[in-house]
Amino acid sequence: GPVAETFRVIQGAMTEEHVRSTQGVFQFELSGEGGGTWYIDLKSKGGSAGFGKPPVAADVVMSMSSADFVKMFTGEGRRPLSRDTGNSSIKGDTMLTLSLENML
């Protein structure tokens with residue numbers, strides 16, 4: 001589905017530089033089609049992304065619909081720090097979300 005495909009693209013786009021410059025782990029609680037718990041680990045060597053809980057504790061947890069997640073990462077939606085949608089929430093180190101935005 002679109003969520004899994006988005007995570008495949010994210011995994012393929014990760015570089016050691018992203019990991020070195022970000023040093024953060026993002027957990028996504030997605031509702032709707034293809035939802036569930038997903039993560040982007042930009043802290044562990046090489047980085048990783050995929051379905052399930054992150055391999056280490058998340059620094060940021062974002063909750064949103066899977067449709068909003070896909071839009072966010074394809075450039076069709078609002079950036080993570082745009083909290084005025086009312087459909088998503090961010091908990092944790094919001095400064096790290098800036099680093100995630102830079103990777104998008």
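The values are calculated or read from the model by the stated rules, or taken from the named source; none is laboratory data. From a predicted model like this one, the values you see are computed outputs, not experimental measurements. Counting neighbours? That spans all protein chains shown, and the Cβs are built from the backbone with ideal geometry, glycine included. All accessible areas refer to the heavy atoms of the entire protein, side chains included, with ligands and DNA or RNA removed. Shrake-Rupley method; radii C 1.70, N 1.55, O 1.52, S 1.80 Å.
For this structure, a couple of remarks:
- Failed item in (1) surrounded by fewer than 21 Cβ atoms within 10 Å (Cβ to Cβ); (2) at pLDDT 95 or above; (3) not in a helix (DSSP H, G or I), with residue 44 passing the rest: (2)
- Residues of the stretch 4-34 that are within 12 Å of residue 46 (Cβ to Cβ), open to solvent by less than 30 Å² (accessible area, probe 1.4 Å) and not in a helix (DSSP H, G or I): 14 alone.
- Hits in the stretch 54-69 - residues which are under 17 Å from residue 41 (Cβ atoms) and open to solvent by 30 Å² or more (accessible area, probe 1.4 Å): 55, 56, 57, 58, 59, 61
- Those residues of the stretch 70-104 which are surrounded by 19 or more Cβ atoms within 10 Å (Cβ to Cβ) and either at pLDDT below 75 or in contact with a Pro (Cβ under 9 Å, 6 or more places away or on another chain) (or both), in sequence order: 70, 72, 80, 88, 97, 100
- Taken together, the residues in the stretch 31-52 that are farther than 17 Å from residue 97 by Cα and either under 12 Å from the mean Cα position of the chain (by Cα) or aliphatic (A, V, I, L, M) (or both) amount to 3.
- Residues that are touching a residue at least 60 places away in the same chain (Cβ under 8 Å), under 16 Å from residue 68 (Cβ atoms) and either out of contact with any Ser or Thr (no Cβ under 8 Å at 6 or more places or on another chain) or of a type in the set (A, V, I, L, M, F, W, C) (or both), drawn from the stretch 4-39: 10, 26
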